[in-house]
Structures are given as structure tokens and as C-alpha cells.
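Engineer: I have a structure here, written as C-alpha cells, and I will follow up with some questions on it.
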Amino acid sequence: MELEEDELRSQAPDFWNDAKRAEAHMKKVKNNKRWISGYEGVQSAVEELQLAAEMLKDGSATEAELDAAYAEASKLVEDLELANMLQKEEDQMSAVLKIVAGAGGTESQDWASQLMRLYQRWAESKGYKVSIANLQDGDEAGIKTVTMNIEGDTVYGYLKSENGVHRLVRVSPYNAQGKRMTSFASVFVTPLVDDTIEVNVEQARISWDTFRSSGAGGQNVNKVESGVRLRYQYKDPYTGAEEEILIENTETRDQPKNRENALRQLRSILYEKEMTHRREEQAKVEAGKKKIEWGSQIRSYVFDDRRVKDHRTGYQTSDVQGVMDGDIDGFIKAYLMQFGAE
């Protein structure tokens, strides 16, 4: 059995001599275990359903018990089917999620902060680890931008569905006339790469600045230039186009640690650029399939009408408060079932 052979390899005395290769191997073992566990769970639930059907015939089980067994089996099959939509290498990774408020001042900045809370709640409900890499407060309320690291299995696979512009329609508390206003915020999600992923970073293209962090953290934060600003002069290997990638990190009071975190984010961005190129090349080959517009408006949140609708899949819900509290699994599932196989 492949899993048994892989586990035996991990017990070899020299297994951890090559740390990168060992970590990649352990990821493979963990992933295979997850698939086997999922299959066994479905198999067991189907057997329970068959047993409940037989017991209903002889009167030793109720229809309610049969319905419960059917619901459990259906859920496990759907979960396994959803996991099957996350087969790409990057799908298994953690994610960097960046939110940027659109034009519109305080209203848009408040909307960006609500989205930040939404994704924090979603991550917490899944048991994922969330850390704030960089945060810029709004002028009066809310935030201008935030970059969060969300770490755990298949985080990127789920959150890639959130890439794009999110539109809010509500009666604004910041408008004295009580007018209905429309605000926008952009969400960017990239895989959070680790040392097992090969990414080419040209050191000669990197420059650094340091600055004093602001906000919470005590007097030390204001006295010591612990914040780091990384500038990377990126040149697209396919088109030759050049751009500057700017990353700020104020995650800790330790400047070397912030440098390390900024470099990790840079590697994540470069990895996503390569993945984007591959997706574009694949899209050319599969031109007949429905195209996914990553940068377009993807979802509308209409508070007054109690409606949140995804414009790509048509999925919608009236539970606006539930969505704002992090319940976005329905949107993620609809997206993956429609586009995941592509």
C-alpha cells in the first residue's frame, strides 16, 4: 500500500537530513491519510444507511432515523466531492489575504473593516491561525488596508473564491441624509508558500527601508524602527513588463522577524504570479469553457434587502448577518463545484 510505504520511508534514520524534501514527503502522507479517512467515512455512512433501511422494513427503526442516516451520508459524500475540487498544488497551502478599501472615504474604509472581521470569523470557525502582517487604519473609522496570514490545510483552495471586488449597498451611518450608498473593497488572495516550494527571488532586485510602527504595542514600537518595507523590482519572465512590488510588515517588534515575514510574502506573490500565468495559458487552451474574471466585481451585499449574491455562480442567501459573521461556506462550495474542476 502506498501510504504504508511512505510512512516507512519517514522512519528512516536519514529522513530529516534533507528538511525540504522531508517536509514535502510528510505533506504527501498527510494528504493521502485525509483521502483515505474521507473514503472510509463515506463507506461507513453508506453501510449505516443500508442498515437503517433494512431496520425500517422490519419495524426496528423509524423514518426519522433513516432520514438522519441519509443526511449524514449525503453530507460526507458532498464533503469528499468538494475536496476533490482542491487538487492543485497551491490549493493545499495557507493563504495571504489582503483587503483594500475602494474610493469613497470613511464608508468604504468601514466596509473593508467589516470584510476583515468576516474573514477572521470564518478562519476562527475552521480552527485556522490568523495573524495580521500589516494594517493601516482609516482616517475616521475602518481600515484603508490589511494583510492577513491565514494558516492551515487547504486555506488557499477555499479562499481563492474570494478574489475580486466586493460591493456593499446600505443606508450609510456616515451619511447625515440617511442615503443609500454603494461601497467597494478589493480582496486579493495568494498562496502562502513555505520552504518546500521553489520560488526564484533575485536578491539584487530587493531593497529595504525601515520605519517606526504605529498603533498598539507599547512605547517600544514607537521608539524602534521595527517596521520593514520591502521593494522588489519585478520583471515578468514571459512579457518583460516591469513593476515594483511593495510589501510592509509590522507583525512583530523584532525587525529581523519582520524581514523574514516580508520575504515570505514576496515569495507568495511571485508564486501566485507564476500560477496566474499557468491559469492564463490553460484558459487559452480551454477557450470554450466559461472564463473566470478574477479582478471583476464578484459579490454584492445588500443590507436593506437582506440579500448577499455571488454574480459568478448565482448563489445567494438572505442571512446577511450570518455571512458577515463568517458563514461563507455556501458561496465557497458553489464556486468550487462550478469552477473547481477547471
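The values are calculated or read from the model by the stated rules, or taken from the named source; none is laboratory data. In this text the structure is predicted, and so the values were computed from the model without any measurement. When we count neighbours, we look across all protein chains shown, and the Cβ atoms used for this are built from the backbone with ideal geometry, even at glycine. Areas reflect the complete protein model, heavy atoms only, side chains present, ligands, DNA and RNA absent. Shrake-Rupley method; radii C 1.70, N 1.55, O 1.52, S 1.80 Å.
Engineer: Just to be sure I understand the filter: pairs with C-beta atoms under 8 Å, separated by 6 or more residues or on different chains, first member in the stretch 77-92 and within 12 Å of Tyr39 (Cβ to Cβ), second member part of a helix (DSSP H, G or I) and open to solvent by 80 Å² or more (accessible area, probe 1.4 Å). Which pairs pass?
Structural biologist: Leu80/Tyr39; Ala83/Arg34
Engineer: From the list Ala24, Ala83, Ala52, Ala101, which residue is out of contact with any strand residue (DSSP E or B) (no Cβ under 7 Å at 6 or more places or on another chain), on the phi < 0 side of the Ramachandran plot, modelled with pLDDT of 80 or more and among the small types (Gly, Ala, Ser)?
Structural biologist: Only one candidate qualifies: Ala52.
Engineer: I need every pair where a residue in the stretch 303-325 that is over 16 Å from Asn163 (Cα atoms) and touching a residue at least 40 places away in the same chain (Cβ under 8 Å) has its Cβ under 8 Å from the Cβ of a residue that is not in a strand (DSSP E or B) and not hydrophobic (A, V, I, L, M, F, W, C), sequence separation at least 6 or different chains.
Structural biologist: The qualifying pairs are Met324/Gln114; Met324/Arg117; Asp325/Arg121.
Engineer: Please go through the stretch 111-130 and give me each residue that is of a type in the set (Gly, Ala, Ser) and open to solvent by 20 Å² or more (accessible area, probe 1.4 Å), ordered by number.
Structural biologist: If the condition is that a residue be of a type in the set (Gly, Ala, Ser) and open to solvent by 20 Å² or more (accessible area, probe 1.4 Å), then Ser113, Ser125, Gly127 are the ones that fit.
Engineer: Okay, next question. When you go through Ala95, Ala103, Ala141 one by one, which is the residue that is farther than 22 Å from Ile247 by Cβ, among the aliphatic types (A, V, I, L, M) and in contact (Cβ under 8 Å) with a residue 60 or more places away in the chain?
Structural biologist: Within the list Ala95, Ala103, Ala141, the selection yields Ala103.
Engineer: For the stretch 177-209, what are the residues that are surrounded by fewer than 14 Cβ atoms within 10 Å (Cβ to Cβ), modelled with pLDDT of 85 or more and not aliphatic (A, V, I, L, M)?
Structural biologist: Within the stretch 177-209, Arg180, Asn200, Glu202, Gln203, Ser207, Trp208, Asp209 meet the criteria.
Engineer: Scan the stretch 238-256 and report the pairs whose first residue is closer than 22 Å to Glu274 by Cβ and whose second residue is of a type in the set (Lys, Arg), with Cβ atoms within less than 6 Å and a gap of 6+ or a chain change.
Structural biologist: Cβ pairs passing all conditions: Glu242/Lys235; Glu244/Arg231; Leu246/Arg231.
Engineer: Of the residues that make up the stretch 304-312, is at least one crowded, with 16+ Cβ neighbours inside 10 Å, at pLDDT 95 or above, under 18 Å from the mean Cα position of the chain (by Cα) and of a type outside the set (Gly, Ala, Ser)?
Structural biologist: yes
Engineer: Restricted to the stretch 10-44, and to residues that are acidic (Asp, Glu) and in a helix (DSSP H, G or I), which residue is most open to solvent (accessible area, probe 1.4 Å)?
Structural biologist: Glu40
Engineer: Among the numbered criteria (1) open to solvent by 60 Å² or more (accessible area, probe 1.4 Å); (2) over 30 Å from Glu198 (Cα atoms); (3) under 30 Å from the mean Cα position of the chain (by Cα), which one does Gln50 miss?
Structural biologist: It is condition (3) that Gln50 fails.
Engineer: Any chance the stretch 218-234 includes a residue that's at pLDDT below 90, out of contact with any Phe, Trp or Tyr (no Cβ under 6 Å at 6 or more places or on another chain), β-branched (Val, Ile, Thr) and open to solvent by less than 70 Å² (accessible area, probe 1.4 Å)?
Structural biologist: Yes, that holds for at least one residue.
Engineer: Would the stretch 154-176 turn up any residue that is free of Cβ contacts under 8 Å to residues at least 60 places away in the same chain, surrounded by 15 or more Cβ atoms within 10 Å (Cβ to Cβ) and at negative phi?
Structural biologist: So far as the stretch 154-176 goes, no, none of its residues is free of Cβ contacts under 8 Å to residues at least 60 places away in the same chain, surrounded by 15 or more Cβ atoms within 10 Å (Cβ to Cβ) and at negative phi.
Engineer: Can you pull out the residues in the stretch 235-251 that are within 17 Å of Val96 (Cα to Cα) and surrounded by fewer than 17 Cβ atoms within 10 Å (Cβ to Cβ)?
Structural biologist: Matches in the stretch 235-251: Ile245, Leu246.
Engineer: Looking at the stretch 89-103, is at least one residue in a helix (DSSP H, G or I) and open to solvent by 80 Å² or more (accessible area, probe 1.4 Å)?
Structural biologist: Yes.
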